[in-house]
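The values are calculated or read from the model by the stated rules, or taken from the named source; none is laboratory data. Quick caveat: nothing in here was measured; it's all calculated off a predicted structure. We place every Cβ from the backbone using ideal geometry, glycine too, and count neighbours over all the protein chains shown. Note: accessible area is taken over every heavy atom of the protein model, side chains too, but ligands, DNA and RNA are not part of it. Shrake-Rupley method; radii C 1.70, N 1.55, O 1.52, S 1.80 Å.
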Amino acid sequence: MNAKAQVNHSQHPLYNPHGFILETLETQQLEEVLHRWMWNGATGGLVFGEARIGKTQALQQLKNSLCTRCGDPIPSIYFSVAQRDTTTIASIYRLLCNSINLSHSRRDRTDYLSDAVVHYLADLADASGSKTLVIYIDEMQRLHVKQLNIFAELYDRLKLLNIHLMCVFVGNDPECLDLVKLTQRSAYAHVRGRFLTQFHRFEGLLSASGVRRCLEQYDTARYPKDGQTFVEYFLPEAVANGFTLSSTSSILWGCFCEYAKPLGIRSWGMQYFTSTINCLLLDFLPRHGIENFGQEMVNAALNLSGIDASRVRSIS
């Protein structure tokens, strides 16, 4: 019995929107940037880029990978700022408590919530034997400028405990930059000086070589671990005849560039890239055959990926 017959077809990672996370050059570069910030004693920084470009996915890959110059792991927490009608300090502390599973009630005062978070972070540092912590604040453009004071307070209180806190803010361009501009006011100089002097623009895929590196992961990843490769699973005859998905990288990149130029799109966001590839691999190529692979098919997949919602159509 072949490997495909031994597994539940519906459980294949490519049928799960979050089941297959690609390693990219951009994620690797972000890891290098975060380590540089950390090792040079930065107290924070801003990672920004267009929406759906892959920032959150990259954070999920990297949030537990930072280490000291000596190789000791640095503990971290991650939370995403939810859209709320209220812009209070307490509302962000409650979000923080939720992200680290600290119990609290609506009646709890801000001081109590602040103490609970500080105690949790101090215990986290103590348990790991680390004097450094990282907080990743995703969707930071949803913050009100006054709520940035929370992180300055956490930094100051942990500093008294001899714990260094680095706050990494992550936001969408251009919305988050509007918030950064507000910190130019003198009232927020302490926030700007601590957290917003380091910047890194996160991009999607920027070259054919970056696309090829991603496609090679489809060619080599297996499900289950001793089963068929992802490409072989959906295109067994083509792979038996020597086909690799990575061999299409130049065509894919060329089609994307031609498609994206009039839209003013500067890089291929990971959400749209994976949606395009899944559309090709799970639907178009099995249905129409690799002999019909070309610009028309790729453009149809790009349309269906949602990269330009106004031009959605399907391949006949």
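Scanning segment 199-222 for residues that are of a type in the set (A, V, I, L, M) and either surrounded by fewer than 16 Cβ atoms within 10 Å (Cβ to Cβ) or on the phi > 0 side of the Ramachandran plot (or both) turns up just one, Leu206. In segment 199-217, the residues that are of a type in the set (Lys, Arg) reach residues that are at pLDDT below 95 and surrounded by fewer than 19 Cβ atoms within 10 Å (Cβ to Cβ) with C-beta atoms within less than 7 angstrom, at least six apart or across chains, in these pairs: Arg213/Leu25.
The number of residues in segment 223-234 being in contact (Cβ under 8 Å) with a residue 40 or more places away in the chain and open to solvent by 10 Å² or more (accessible area, probe 1.4 Å) comes to 5. Number of residues in segment 15-31 that are open to solvent by less than 80 Å² (accessible area, probe 1.4 Å), in a helix (DSSP H, G or I) and under 15 Å from Thr276 (Cα atoms): the value is 0. Restricting attention to segment 97-124, the residues being open to solvent by less than 40 Å² (accessible area, probe 1.4 Å) and within 25 Å of the chain's Cα centre (by Cα) number 4.
Considering only residues in segment 252-273 that are closer than 16 Å to Arg213 by Cβ and hydrophobic (A, V, I, L, M, F, W, C), the one that is most open to solvent (accessible area, probe 1.4 Å) turns out to be Trp253. Pairing residues of segment 70-90 that are closer than 20 Å to Gly171 by Cβ and in contact (Cβ under 8 Å) with a residue 40 or more places away in the chain with residues that are in a loop (DSSP other than H, G, I, E, B) and open to solvent by 60 Å² or more (accessible area, probe 1.4 Å), at Cβ distances under 8 Å and at least 6 apart in sequence or on separate chains, gives Ser76/Asn64; Thr87/His144.
Of the residues making up segment 236-251, those that are among the polar types (S, T, N, Q) and open to solvent by 60 Å² or more (accessible area, probe 1.4 Å) are Asn241, Ser247, Ser250. Hey, does segment 39-54 have a residue that's open to solvent by 10 Å² or more (accessible area, probe 1.4 Å), in contact with a Pro (Cβ under 8 Å, 6 or more places away or on another chain) and either under 24 Å from His144 (Cβ atoms) or at pLDDT below 90 (or both)? Scanning segment 39-54, I find no residue that is open to solvent by 10 Å² or more (accessible area, probe 1.4 Å), in contact with a Pro (Cβ under 8 Å, 6 or more places away or on another chain) and either under 24 Å from His144 (Cβ atoms) or at pLDDT below 90 (or both), so the answer is no. Screening Lys181 against (1) within 20 Å of Glu50 (Cα to Cα); (2) open to solvent by less than 10 Å² (accessible area, probe 1.4 Å); (3) part of a helix (DSSP H, G or I) leaves a single unmet condition, (2).
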